[in-house]
1. Take region 242-265 and flag every residue that is open to solvent by less than 70 Å² (accessible area, probe 1.4 Å) and free of Cβ contacts under 8 Å to residues at least 24 places away in the same chain.
2. Can you go through LEU66, LEU40 and tell me which one is part of a helix (DSSP H, G or I) and in contact with a helix residue (DSSP H, G or I) (Cβ under 9 Å, 6 or more places away or on another chain)?
3. Given the conditions (1) without any contact (Cβ under 8 Å) to a residue 24 or more places away in the chain; (2) under 22 Å from the mean Cα position of the chain (by Cα); (3) open to solvent by less than 40 Å² (accessible area, probe 1.4 Å), which single one is not true for ILE90?
4. Regarding region 300-308, can at least one residue be identified that is among the polar types (S, T, N, Q), open to solvent by 10 Å² or more (accessible area, probe 1.4 Å) and modelled with pLDDT of 95 or more?
5. Given the criterion assigned to a helix (DSSP H, G or I) and crowded, with 21+ Cβ neighbours inside 10 Å, identify the matching residue among LEU22, LEU72.
6. How many of the residues making up region 8-19 are among the basic types (Lys, Arg) and open to solvent by 50 Å² or more (accessible area, probe 1.4 Å)?
7. Got a number for residues in region 230-272 being in a helix (DSSP H, G or I) and in contact with a Gly (Cβ under 6 Å, 6 or more places away or on another chain)?
8. How many residues, within region 9-65, are over 18 Å from MET234 (Cα atoms), of a type in the set (Val, Ile, Thr) and in contact (Cβ under 8 Å) with a residue 60 or more places away in the chain?
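The values are calculated or read from the model by the stated rules, or taken from the named source; none is laboratory data. Owing to the predicted nature of the structure, the values given are computational and were not obtained by experimental measurement. Here Cβ is always computed from backbone atoms with ideal geometry, including for glycine, and neighbour counts include all displayed protein chains. Only protein heavy atoms, including side chains, enter the accessible area calculation; ligands, DNA and RNA are left aside. Shrake-Rupley method; radii C 1.70, N 1.55, O 1.52, S 1.80 Å.
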Amino acid sequence: MLSFGKITSYPKEVIVIKMSSLAWLASKCISWKLWLSDRLFPLIPPFEFSPVLPHFVSAFLFATSLLGLCALLFFRPNKIIILGVILLEISSCLLDQMRWQPWEYQYLLTFVLFLLYKSNTKQFLDLIGLIFIATYVFSGLHKFNGGFLYTVWDNFILKHILHLSNTLIVQKGLHYMGLLLSIIELILGLGLLFLKNRKKVAVFIIIMHLVLLSILGPSGANHNEVVWPWNMAMIGLVWFLFYKENCSPVTFYFFKNKLNFSMLVLVGVLPFFNFIGYWDNYLSFNLYSGDVKEVIICVKNLDKYPELKAFVLKNNPHQYCKDYDALSPNKWSFSELKVPMYAQTRTFYKLKKEWNRKYPNTDPTFIIYAYPYNEEDAIKIP
């Protein structure tokens, strides 16, 4: 058995796997109901061939995955356990689109790369570094929009966290200052990409994650706790990959390798298609951008299902539901599953289908909307 007190003496690839396993285990425990099928929020099959299975199947996949991650924490990682965890996670994700969270995507990629490059530590570390660079670059690019300024900067950070008055918030200078967050994140990602010495960039990124944890954590909004372990893992991995090891994943020779080039396409090229609607938000590192579509469920009478009333919005800020109750799937998902709604139009359509199957005779109206929240731009799902 390996001692956690000697973590820095582990092989480099083992350090990455253990850090990822610990954070993955924590996030899965926090979001435990996400991985079960016996819940209020409907399962949303990602594909037409996704099977509907008994409840015990999801429970078995979840429990076995936790055991695998625990084994990776306490023992030296091996290909059989890594492959087992990968297969278990893919099987779970084939049952429910809501499980396709960004941290799940990152950890899956990490484990797959470990299998492919276990004998080549440098390539493994450089490719993990590439995923981190893509995360910061695309996350920064996606925040450069009015939805981020209005939803995240004005209403969440300035109003909810800093408790500034509306008089101050509407000042143009303060309002547009929020774009600095987008620019800083983008510059830090590009710094990891192009600078030869990445230590100073790594320090600033660690500070950025600490600030984010202070905003989302118990001392701040106490919100979205499932990403707290992810941010902690990012801090540890950024220090290890870019401060200690100074990973340098971008050279012409590096991408002559077909597998390396495939990873570049997956995390560095396909996310650009998200800007024109052809690649998913979470697979494109579109995080806290305020620029994704949302859905709201308008229901006239929930008396048959009183357990759902906890997810009805007390104040319907956009007035899409008029005199009906406005039930927010995002609030519902955060409350029950501890994760945000998987924000894709096709997912909203599937949610309506699964709602009608699970909660019949409620005559719901599903409305898709997005910033700037104009009623005429809202789309009613037929």
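1. Within region 242-265, THR251, PHE255, SER262, VAL265 qualify.
2. Numbers: LEU40 fails: part of a helix (DSSP H, G or I).
Of the residues listed, the single one that is part of a helix (DSSP H, G or I) and in contact with a helix residue (DSSP H, G or I) (Cβ under 9 Å, 6 or more places away or on another chain) is LEU66.
3. (3)
4. Within region 300-308, not a single residue is among the polar types (S, T, N, Q), open to solvent by 10 Å² or more (accessible area, probe 1.4 Å) and modelled with pLDDT of 95 or more.
5. After ruling out the rest, the residue left standing is LEU72.
6. Pass one, region 8-19, residues among the basic types (Lys, Arg): 12, 18.
The next check asks that each one be open to solvent by 50 Å² or more (accessible area, probe 1.4 Å); those that pass are 12.
The number of residues fulfilling the criteria is 1.
7. 1
8. Within region 9-65, residues that are over 18 Å from MET234 (Cα atoms), of a type in the set (Val, Ile, Thr) and in contact (Cβ under 8 Å) with a residue 60 or more places away in the chain number 1.
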